[in-house]
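S.K.: Take this structure first; my questions come after.
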Amino acid sequence: MFQQSTSKVIMGLESRTGPSVDRHSVENVLNKFTGSFSQTPPPFSAKKIEGQRAYKLARQGRPITPEPVNVHVERLDLLEFTGDLLRIRLVCSPGFYVRSLANDIGQALGCGAYLEALRRERSGEFGLETAVSISEIQQQGVAALAQIIPLSKLLQNLPSVTLTVRGQTRAAHGNLLLERDISNGTGSILDRSTSGVVDSTTWIRLLSQDGSLIALAQPKPRGLLHPTVVLV
């Protein structure tokens, strides 16, 4: 959704690789799965095929082959290789299927592999250091609500503007925002060139006078902002 945000997911992967595979061959194969490449999602996934979720069709016993999608792996590290167990950590793009990666690694090694365990350590700006376990919530009860991250703290990697009172009302109704609806000015966020060309893929946080996140907007020609995701 947010094309200019950095979405990184670090995962631990354990897959059975077979006793005949050595560390050198594993490292060579892992190098092939870094950067951008095409990945086929697993049949049991939420991808849609002819308007239906792939997993629903797969459960009916129908042969399913989802369309390949472009994915990106920024980093892929081998953490452990003992016997038939392979443990890796990767930083990948949104929409990446680690189950498919395990299968593809096994195919490349010629021995087969499957995903045995998976742990997501970070998603975007949120990591395990700010996570709260279920047991902690059960122990703390209502007090655990204090650890909920407020909307105003989300997506801080995106640019933001503060709205006037009039702008807040217009944003709440999804109306286009003019320059007078923005109290701190648009600055360099919007391209108001005479050609009217703007980067419509940019997402901008719309903040109220007290700093609360009201909506997410996309720029339009001539300095206009369109509240696309309204949160109030």
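Readers should treat all values here as calculations from the given coordinates under stated rules, not as data from a laboratory. All figures in this text were calculated on a predicted structure; none of them were measured in a lab. Every residue, glycine as well, gets a Cβ built from its backbone with ideal geometry; the counts of neighbours run over all protein chains shown.
S.K.: For the residues Lys47, Lys56, Lys153, what sequence is obtained by ranking on other C-beta atoms within 10 Å, fewest first? Write down the numbers at each step before the final one.
M.R.: On the way: Lys47 19, Lys56 14, Lys153 11.
Taking fewest neighbouring Cβ atoms as first place, the list is Lys153, Lys56, Lys47.
S.K.: Where does each of Asp210, Asp181, Asp104, Asp22 land when they are ranked from fewest to most other beta-carbon atoms within 10 angstrom?
M.R.: Working: Asp210 7, Asp181 21, Asp104 18, Asp22 10.
Ascending number of Cβ neighbours within 10 Å: Asp210, Asp22, Asp104, Asp181.
S.K.: Between Phe126 and Arg166, take the C-beta separation as r, use R0 = 25 Å, and let me know the FRET efficiency to the nearest 0.05. Provide the component values of the computation, followed by the final result.
M.R.: Details: r = 34 Å, r/R0 = 1.34.
The pair Phe126/Arg166 has a calculated efficiency of 0.15.
S.K.: If packing is taken as the average count of other Cβ atoms within 10 Å, what order do 90-103, 130-143 fall into, highest mean first?
M.R.: Numbers: 90-103: 19.1, 130-143: 10.0.
Put in order of decreasing packing, that is 90-103, 130-143.
S.K.: Taking Rh as the Kirkwood radius computed over C-alpha pairs, what is the Stokes-Einstein D of the range 36-174 at 10 °C in a medium of viscosity 1.306 mPa s, expressed in µm² per second? Could the numbers behind the result be given before it?
M.R.: Working: Rh = 19.3 Å.
Diffusion coefficient, whole number: 82 µm²/s.
S.K.: Students often forget the sequence filter, so: which aspartates and glutamates lie under 20 Å Cα-Cα from Lys48 once same-chain residues fewer than 8 apart are removed?
M.R.: Within the straight-line limit of under 20 Å, Lys48 reaches these aspartates and glutamates: Glu67.
S.K.: Right, something else. Within straight cross-link reach of Lys153, meaning Cα distance under 17 Å, which aspartates and glutamates are found once same-chain residues fewer than 8 apart are removed?
M.R.: Qualifying aspartates and glutamates at Cα under 17 Å: Glu125, Glu129, Asp210.
S.K.: Between beta-carbons, use under 13 Å as the cut-off and find the net charge around Glu50, counting Lys and Arg +1, Asp and Glu -1. Kindly include the intermediate steps, with their values, before the conclusion.
M.R.: Working: positive: Lys47, Lys48, Arg53, Lys56, Arg62; negative: Glu67.
Spelling it out: positives minus negatives among the neighbours equals +4.
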